[in-house]
1. Answer with a single label: of (i) 1.24; (ii) 1.03; (iii) 1.19, which was calculated as Cα Rg over 2.2 N^0.38 Å from the structure in view?
2. Using amide H atoms built in the peptide plane, which far-off residues or other-chain residues are under 5 Å from LYS380 H to H?
3. Can you compute the FRET efficiency between ALA39 and ASN304 using 1/(1 + (r/R0)^6), with r the Cβ-Cβ distance and R0 = 56 Å? Round to the nearest 0.05.
4. List VAL257, VAL196 from most exposed to least, where exposure is judged by having the fewest other Cβ atoms within 10 Å.
5. Which ³J(HN,Hα) values in Hz, rounded to whole numbers, follow from the phi angles of the range 224-232 under the Karplus curve 6.51 cos²θ - 1.76 cosθ + 1.60, where θ = phi - 60° and Gly and Pro get x?
6. Residues of the range 55-97 with amide nitrogen under 17 Å from the 7 Å Cα-to-Cβ point of ARG24?
7. Give LYS286/LYS370; LYS170/LYS285; LYS81/LYS285; LYS81/LYS286; LYS171/LYS294; LYS171/LYS285 a once-over and call out the pairs whose C-alpha atoms are over 32 Å from each other.
8. Taking the Cα centre of each part, how many Å lie between the range 246-289 and the range 141-203?
Amino acid sequence: MRIPLFSPLLILISCCWLTANEARIDSGNFASLQEAVDAIPKTGGVLQIPPGTYEISEPIRITTGDTRIVGAGTATHIVNKNVDGQPAFLIENPDFPDQVTPAKQRLWRVNVASIRVTGNEKSGAGIEARYIEELFVQGVTSSYHGGDGLRLYFCYEDPRICDCLFTYNKKCGVYIEGCHDIIVSANQFEENQDGVQCIDAFNLAMSGNNLDDHLGNGVVIENTYGSVIASNMIEECAGWAIVLDRDSYGITMSANVIAHEFTGGIDLRDAHGCAISANTFTIVKKVGIAVRSKSGSITISGNNFSDTWVGNDADGQPVQKRKNEPSTTEQNPNEAAGILLQDCVGVVISGNLFSRLSTEEIVQSGTCRKILLNGNGSFKDD
């Protein structure tokens, strides 16, 4: 059957085709990245940024939901030259700048992917999102910012951060405040101030990340409920690997490798109803786990606290990786610490191994009550 030239079907197909093409934008066709972003329809769309280095002095403002901003990997490099503490990308409803966005007016489903973003000591965050629901940040490299690599402020519903690299930022690699049902997975963090901060939040699932060489702490969680920190590698933080504070509760920390921290492993400053299990604490300097006076109802089980001993030589002498290395032992001594209980109540310590520690296995400071020790093992010599 021959369809008339101006049939309703052809008109419908043409309209759909035009709408689809209008919603797919190439920034190379615009004078600036902001002009390209502003061309995204209110109903959303895809902005593709080709390879190249793009210098900016003002934030790129993303103001539409159902929007994807995608580059060509690290070949798409956004350089923030701003020196007034402004972010490279700012995602928020344009009707509520710097204000609380009412729930019904919040933007939904914004995705930033496959882009490199760098800044300077006086710039703000690499990417800052305010009151965005179902935010998805994937495959982003964010480095050298004066602020955080990524800053989420009350992005309440289901934010996801995956497969990213956050390095050399003056504040946090990722800062999360007022969010809910959060995924932070398969990212790398290197030499930020703190790796991750999660504040006033709910249900953080943090797994499969690598955090190394932070100038402060690896992970800081405050006033947060019902979370899991599992299967992460956290090494060589100047502070603590993990800190729980301000009435954090219902949190499990399991199957993490916590290695060579210069202050300590896990610091429960104000935490309740938490479990620490099956973690490896290797050459953690001063304290492996600290349970402070404001914390209680804590289970510590099945963890390994150890130095660098890897067995004995042919003469039966212990072989320790750091023992006979004069070029490294002064800076990286073969020290390993155990558990500190400080005026706390309600702690079960069971099934842990303490191997060749440089401190006592379990130290109690002040008045500790309702402490159950069961089935722990320790040795310093064969």
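Just so you know, all these numbers are worked out from the coordinates, no wet-lab data involved. Computed from a prediction, not measured in an experiment: that's the story for all the values here. Glycine also receives a Cβ, built like all others from the backbone with ideal geometry; neighbour counts cover every protein chain displayed.
1. (iii)
2. ARG356
3. 0.50
4. Ordered from fewest to most neighbouring Cβ atoms within 10 Å, VAL257, VAL196 come out as VAL257, VAL196.
5. 10, 10, x, 10, 9, 10, 9, 6, 10
6. Within reach of a label on ARG24: 67-72.
7. Among LYS286/LYS370; LYS170/LYS285; LYS81/LYS285; LYS81/LYS286; LYS171/LYS294; LYS171/LYS285, the Cα-Cα distance tops 32 Å for LYS81/LYS285; LYS81/LYS286.
8. Each part reduced to its Cα centre gives a spacing of 20 Å.
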